[in-house]
Amino acid sequence: MGEIILITGGARSGKSSFAESLLNTEEKISYIATNCSAQDDEMKKRVSIHQERRSKNWQTKEIFLGVADLIEQSQLSIHLLDCATMLTTNYFFHLMKKKFGEDFKVIDEKIAGLSENEKQVIEAEILNEWQAILTAVKNNSRQLVVVTNEVGLGIVPENDFSRWFRDVLGRVNQMIGKEADAAFLVVAGIPMKIK
């Protein structure tokens, strides 16, 4: 049986550093970075800091598609996925590109007009993708440490789409939390075991 450890917290709470501290830097580990595309210098610096902090022994894969297959086929038994929020966001936009094409202007316009039925279908696809990842861990005796943003503690988003997407992210976190063997909430750099 595999093991899932969930690390959640707000932005700059120290959750990634804590997740990395749980792992042996001398051991071969699969680090799944979920493809944050750096659009500006500040984001490029954030990505660079994350990259420099990783052990040279860790094998980094920058992906958000095919994570379940990667876990199933990997020769390594320990995986760190940072982060679930970015994977979910990237997967959502992947679905939107499949549905509406590559033009982000068109996608932005179409997102605002998604029907409730379309939202349910999209959410089901996202949750199915996550279920495949969790099943791959459990069925292949892997360990997966998942970092995610705690999305429900901030202000309520101003528009319908943002509120819906925040709720989707929350339900992803609930799914991972339910399956997790252990879970930690990190606040101000202090990890608290909550499961």
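Values quoted throughout were computed directly from the atomic coordinates according to the rules given, and no laboratory measurement underlies them. Here the structure is a predicted model, which is why all the values come from computation and not from measurement. Cβ: placed from backbone, ideal geometry, glycine included. Neighbour counts: every protein chain shown.
Give the longest segment of the chain that steers clear of GluC sites (Glu not before Pro) in DSSP loops with at most 13 neighbouring Cβ atoms within 10 Å, not counting the sites themselves. Working shown, then result.
Working: sites that count: Glu26, Glu27, Glu102, Glu158.
Longest gap between qualifying sites, sites excluded: 28-101.
Given labels modelled 7 Å from the Cα in the Cβ direction, how far is it in nm from Glu62 to Met192?
About 3.6 nm separates the two model spin labels.
So, with +1 on the Cβ of K and R and -1 on the Cβ of D and E, and no other charges, what is the size of the charge dipole of the stretch 82-165 about its Cα centre, to the nearest 20 debye?
Values: 9 positive and 13 negative charges, 68 e Å.
Dipole size: approximately 320 debye.
What does the charge count near Glu125 come to, summing +1 for each Lys or Arg and -1 for each Asp or Glu among other residues with Cβ under 12 Å from its Cβ?
Values: positive: Lys98, Lys99, Lys119; negative: Glu118, Glu123, Glu129.
For residues surrounding Glu125, the net value is 0.
Explain nothing, just the number: relative contact order of the chain, from Cα pairs under 8 Å at least 6 residues apart, as a whole percent.
On the way: 286 pairs, mean separation 80.3, N = 195.
Rounded, it is 41 percent for the chain.
For the pair Glu42/Phe93, report the inter-label distance in nm, with labels modelled 7 Å from Cα in the Cβ direction.
Rounded to a tenth, the inter-label distance reads 1.7 nm.
What is the angle, in °, between the Cα long axis of helix 116-139 and the longest principal axis of the Cα atoms in the chain? Nearest 10 is fine, range 0 to 90.
10 degrees
Does anything in the stretch 107-126 have its amide N under 14 Å from the 7 Å Cα→Cβ label point of Asp160, and if so which residues?
Output list for this probe position: 110-120.
Cα to Cα, under 27 Å, and not fewer than 8 places away if on the same chain: which lysines meet these conditions relative to Lys178?
Lys15, Lys61, Lys119, Lys138, Lys193, Lys195
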